[in-house]
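In what follows, a structure is listed as C-alpha cells, so that the remarks can point back to it.
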Amino acid sequence: MTEQQGVCYTFETALEMALTMEQRCFRAFLQAIRTVKDRSAGMILKDAALEEIDHKQRLEKALIEGGIDPDEHLQETMPLMHLDDLLKQQELNAEADSRQALAYVIHLKKNNLEFYDKLAKGCTGAPMAPIFQQLANDESLNLQKLEDLYEAHFLTEN
C-alpha cells in the first residue's frame, strides 16, 4: 500500500491488496515452517499460517459478496502491549525455538494490523471504512492473544 495518508482505494482494489498481503504473510509462515526444526516452533507457525488461510478466504468471500457480514465479528480494537517494539525482528533459522517463532508471528501480525488500520483511516466516511476497521479489530484481537501467550510463557516478573 502506498505510504500516503488519507488514500482510499476502491473496495475491490483494497480487498485485492489485502489478499496479496495475507498471501505474503502465509508464504512467510510456510517458509518458516519448512525451515524450523523445533516442533513447538513449527506448531506456532502452523497455527498462524492456518489463520492466514481463514483471513484470505474471508476476503475472497467479501469480493464475491461485496462486503463482510457485519454480525460476523463485532469486537472493538483491543489494547496491545506493543511487544513487537521490544522484540528483535529476524528471519527464522533451523534452530529457532518457540520463543523466536512467536516473536516472528507477532511482528508479521503487527504489520497486518497496521495495513488494515491505514485502509480504515484512509477510507474514513466511505462505505467500506467499517469493513476495514472490522478487519483491523480482528487483527488486533489476534495480536493481543499472541502477546498474551508470549507474556505468559516468556516474560517473567521479577
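What the table below lists for this structure:
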item: Ratio of the Cα radius of gyration of the stretch 110-158 to 2.2 N^0.38 Å, where N counts its residues; result: 1.47
item: Most to least accessible of PHE11, PHE132 (protein chains only, probe 1.4 Å); result: PHE11, PHE132
item: For the stretch 116-133 and the stretch 14-65, distance of Cα centres in Å; result: 22
item: Apportionment of accessible area to carbon and sulfur, the stretch 97-158, percent (1.4 Å); result: 52
item: Where GluC sites (Glu not before Pro) fall in DSSP loop in the stretch 85-141, at most 14 other Cβ within 10 Å; result: GLU91, GLU95
item: Accessible area in the full protein assembly, largest first, 1.4 Å probe, for ASP47, ASP97, ASP138; result: ASP47, ASP97, ASP138
item: List ARG24, ARG39, ordered by accessible area with a 1.4 Å probe, largest first; result: ARG39, ARG24
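The values are calculated or read from the model by the stated rules, or taken from the named source; none is laboratory data. Just so it is clear, the model here is predicted, and its values are computed rather than measured. Please note: Cβ atoms are built from the backbone with ideal geometry, for glycine as well, and neighbour counts cover all protein chains shown. To get the accessible areas, we keep the full protein, side chains included, count just its heavy atoms, and leave off ligands, DNA and RNA. Shrake-Rupley method; radii C 1.70, N 1.55, O 1.52, S 1.80 Å.
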